[in-house]
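The values are calculated or read from the model by the stated rules, or taken from the named source; none is laboratory data. Quantities reported herein were computed from a predicted structural model and do not represent experimental measurements. When we count neighbours, we look across all protein chains shown, and the Cβ atoms used for this are built from the backbone with ideal geometry, even at glycine. Only protein heavy atoms, including side chains, enter the accessible area calculation; ligands, DNA and RNA are left aside. Shrake-Rupley method; radii C 1.70, N 1.55, O 1.52, S 1.80 Å.
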Amino acid sequence: MTTATDVNQPTLEPAAPAGRRMSLPVLMLVIAGGLALTSIVRLITDANGITNVSQMSTALQLAVPIGLAGLGGLWAERAGVVNIGLEGMMILGTWFGAWAGFQWGPWTGVVVGILGGALGGLLHAFVTVTFNVNHIVSGVAINILALGATRYLAPLAFEGHSGGSAKQSPPVDSLGHFTVPGLSDWLRDLNNEGWFFVSDVAGLLGGLVTNVSWLTLIAIALIPGTWWVLWRTAFGLRLRSCGENPVAAESLGVNVYKYKYIAVIISGGLAGLGGAFLSIVANPFYLEGQTAGRGYIGLAAMIFGNWMPGGLALGAGLFGYTDSLNLRGGSENVHALLLLGALLLLIGAVWLVISKKYPSSMITAVIGALVLAWYLGTNEVPNQVVAATPYVITLVVLALSAQRLRMPKADGMPYRKGQGK
């Protein structure tokens, strides 16, 4: 029997996303199918570099800062604050991390890099939450401010030190890496056999246990940690309610401003950690412009992941993998991926026909045929295409996944304390 209290009582639990979520067994089958298709492409093109251990290890290292930026965006947007300023917060993390790291050690640099990003997050929260400034405008302003501030501070902080200059910091000591003895060598040997599927799986797993930074482990642990905090604790429920229905949350005693501030500061700290990773692990020094748009790609990974940590991790891995092609056998590997892309598009066209979406299937099939013709008509791709691959993949993935996305209902919407009264 429904009572008046039941009817009038607002709920904190956000509505479930529209559509069916992919179950874990189905997700694993999709990943296995993608890996099998990649293995077929490797055998046809003889581009063994697309799944070798070194390629996967590099991809993991490049995925970490993207994933941390995306994780920062997830925290902010789950509380209802759009954080376009992730790029600027990463820039602050790179500068502060290297500045403290070369003077007091790499772990101190990591902590100070987090604080630098959190400072950007605090500024974003102050402007958007307290003064209700448009979130996009605030984020862009923070990106510009961070770029200008670090460009001004770099000569003051780094010139005069050994290895330092107006655009580069002195080198930072290594945090250290680890390799699982025995297992790493065995997986590398198995990968070198070139067998169908088995060698590709060995390459993927080998990248996870070979020359891995300790900070990478921390970053990976933050993915399930974020899921547990936001979806399995009362704190997380209150925070997410601020991004779904802040008026209802306030009526139940939630301090919406406080939770938004906490979320955006954590968001900045995670982006700062991604920046510190770039200037301490990926490169042992700060270098002007080294974020190279990874904050924006992290935001794209978050959207691709439908504002969920697991999907975000997959998106970061995909973008990190395509980014790694620039460093290892770029032209040959990207040319092989043209064939992979063509096959995926043609399979997608068949699926759309089965789903009775005939106009979309025709467009997808035509694009797939054009990509296949590009592959068959060339032996390599220009270096400009190799450099642009991560950004092109970002746009394509977002375009293909746009129909299934469901952002928090109050994300980016203005909110004033007591507006529901």
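For the reader, a short list of remarks on this structure follows.
- Within segment 82-120, the residues that satisfy the criterion of being outside any helix (DSSP H, G or I) and open to solvent by 10 Å² or more (accessible area, probe 1.4 Å) are VAL82, ILE84, GLY105.
- Output for segment 262-276, where each listed residue is within 12 Å of VAL112 (Cα to Cα), of a type in the set (A, V, I, L, M, F, W, C) and either touching a Ser or Thr at 6+ places or on another chain (Cβ under 8 Å) or free of Cβ contacts under 8 Å to residues at least 60 places away in the same chain (or both): ALA276
- Any hit, segment 17-30, residues being at pLDDT below 95 and under 30 Å from ASN379 (Cα atoms): yes
- Residue list for segment 163-185, restricted to those being of a type in the set (Gly, Ala, Ser) and either within 24 Å of PHE285 (Cα to Cα) or in a helix (DSSP H, G or I) (or both): GLY163, GLY164, SER165, ALA166, SER169, SER174, GLY176, SER184
- Total residues in segment 402-421 satisfying the condition of being surrounded by 16 or more Cβ atoms within 10 Å (Cβ to Cβ) and modelled with pLDDT under 75: the figure is 0.
- Of all residues making up segment 221-258, the number that are open to solvent by 20 Å² or more (accessible area, probe 1.4 Å), in contact (Cβ under 8 Å) with a residue 60 or more places away in the chain and assigned to a helix (DSSP H, G or I): 11
- Segment 279-300 - residue that is within 19 Å of GLY120 (Cβ to Cβ), within 14 Å of the chain's Cα centre (by Cα) and hydrophobic (A, V, I, L, M, F, W, C) and, of those, surrounded by the fewest Cβ atoms within 10 Å (Cβ to Cβ): ALA292
- Qualifying residue in segment 70-81 (condition: among the hydrophobic types (A, V, I, L, M, F, W, C), open to solvent by 10 Å² or more (accessible area, probe 1.4 Å) and farther than 30 Å from TRP186 by Cβ): yes
- Of all residues in segment 369-389, those being open to solvent by less than 50 Å² (accessible area, probe 1.4 Å), part of a helix (DSSP H, G or I) and under 28 Å from ARG294 (Cα atoms) number 5.
- Within segment 186-218, considering residues that are among the charged types (D, E, K, R) and exposed (fewer than 14 other Cβ atoms within 10 Å of the Cβ), the one farthest from ASN283 (Cα to Cα): GLU193
- VAL397 vs. criteria farther than 23 Å from SER54 by Cβ and within 17 Å of the chain's Cα centre (by Cα): yes
- Only residues that are of a type in the set (Lys, Arg) and either part of a helix (DSSP H, G or I) or free of Cβ contacts under 8 Å to residues at least 12 places away in the same chain (or both) were counted in segment 310-358, giving 2.
- Conditions (1) modelled with pLDDT under 95; (2) of a type in the set (Gly, Ala, Ser); (3) open to solvent by less than 20 Å² (accessible area, probe 1.4 Å); number of the one not met by GLY139: (1)
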